[in-house]
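Undergrad: First, the structure itself, so that you have it in front of you.
The values are calculated or read from the model by the stated rules, or taken from the named source; none is laboratory data. Nothing here was measured: the structure is a model prediction, and the numbers come from that model. Using ideal geometry, Cβ is built from the backbone for each residue, glycine included, and neighbour counts are taken over all protein chains shown. Quick note on the areas: whole protein, heavy atoms, side chains included, nothing else; ligands and nucleic acids left out. Shrake-Rupley method; radii C 1.70, N 1.55, O 1.52, S 1.80 Å.
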Amino acid sequence: AGSRLLKGYRGGHVVIRFALGGCTNRPFFRIVAAHSRRARDGKYLEQLGCLDPLPNAHGERVAGLNLERLRHWLGCGAQLSRPAEKLLGRPG
Amino acid sequence: EGKATKPSFADEAVQNLLYKMTGLNLQKVFRPVKKELKPPKYKLMTEAQLEAATGKAIEEAKEKLIMPPVLNEREPIDDVLAEDKFLEGTETTKYVFTDLTYSIPHRERFIVVREPNGVLRKATWEERDRMIQIFFPKEGRRVIPPVVFKDEHLVTVFQQDRHEDILNMCIAQFEPDSPDYIRVHHRTYDDIEKHAKYDLLRSTRHFGGMVWYLVNRKKTDGLLVDMIHRDL
């Protein structure tokens, strides 16, 4: 009961990656800063934005990024996953 | 046209004039906005207290009558940041990136669209409004502007004499310098002036804007006749 709250582990580093959420046939990614050893959808350090991979009524894929906190985490030395790199490379 | 310096809407003198013309009908300003029914409360006061209460009521009425700003139409944004030909054909849809930093005013946010042909451009005003509404919802706004603001439906609203309600909705929904806001306002003022229904807006905060519009287009005859009849 409550013993899994503080997970101690060896190694691991901070990554910025996508956490999948949403319903059947309806994915929704949250851009999240978490330890690399955590479950994909588990406890994260901070949520930095979101991405909706399905196009909306105007044919756009909406993404939001919290640039200020992103800069903070990248300054702390976080790594990026491959799709996160692609997403952040789009707006330049 | 013909004057050297045209007075703008935000001048002190103009504002004072418009405020005096708006009239201060306490009964109408504090007409109960539809809320839950409560039995009216009666207070027993002396003369002095009654005057103090009336003074406070006038202050609050003044606050409610602050006019929404009248600005020119905003220029459409058309700024291309980058053109990357090598990205052509990799995706099929547009990507809209919104900057979600909390402490940036909405006017200065970066909202950027990456088109499928690789062009990176700033988002248009409609896209900006939509994104800001999605991520930072404001009360009274919807993501897609309601259908009521189209011309054929505006006619229906005018036949029901609910100009004030639709103007309030319009203020809540659009930015003051968006072309939709300006178009709806102009349409409303035109209709009121055509049917001489100045009374509907007499003691609300839209009166100043209406008078400004009529003065700019020199259609004030009906309004002046109306005011003379009432000896204002």
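Undergrad: Any idea of the total accessible area buried by the A-B contact, 1.4 Å probe, rounded to 100 Å²?
TA: 1800 Å²
Undergrad: Using a Förster distance of 51 Å, how high is the FRET efficiency between A:T24 and B:K150, based on the Cβ-Cβ distance and rounded to 0.05?
TA: That gives a FRET efficiency of 0.90.
Undergrad: Shielding of A:50-58 by partners, i.e. mean partner chain Cβ atoms within 10 Å per residue?
TA: Mean partner shielding for this stretch: 3.
Undergrad: How big is the dipole moment of chain A about its Cα centre under a simple scheme where the beta carbon of each Lys and Arg is +1, that of each Asp and Glu is -1, and everything else is neutral? Debye, nearest 20, please.
TA: Using Cβ point charges on Lys, Arg, Asp and Glu, chain A gives about 420 debye.
Undergrad: Tell me whether the stretch B:147-229 comes out rounded, prolate or oblate; compute the Cα gyration tensor, take square roots of the eigenvalues as a ≥ b ≥ c, and use a/c under 1.5 as the rounded threshold.
TA: Verdict is prolate for the stretch B:147-229.
Undergrad: Set Lys and Arg Cβ to +1 and Asp and Glu Cβ to -1, take the dipole of the stretch B:80-135 about its Cα centre, and tell me which of B:N117, B:I104, B:A82 lies farthest positive.
TA: Of the listed residues, the answer is B:I104.
Undergrad: Could you give me D for the stretch B:80-135, from Stokes-Einstein at 10 °C and 1.306 mPa s, where the hydrodynamic radius is the Kirkwood radius over C-alpha pairs? Units µm² s⁻¹, please.
TA: Taking Rh from Cα pairs, D becomes 133 µm²/s.
Undergrad: Quick one: dipole size for the stretch B:80-135, taken about the Cα centre, charges +1 on Lys/Arg Cβ and -1 on Asp/Glu Cβ, in debye to the nearest 20.
TA: Charge dipole, the stretch B:80-135, about its Cα centre: 140 debye, nearest 20.
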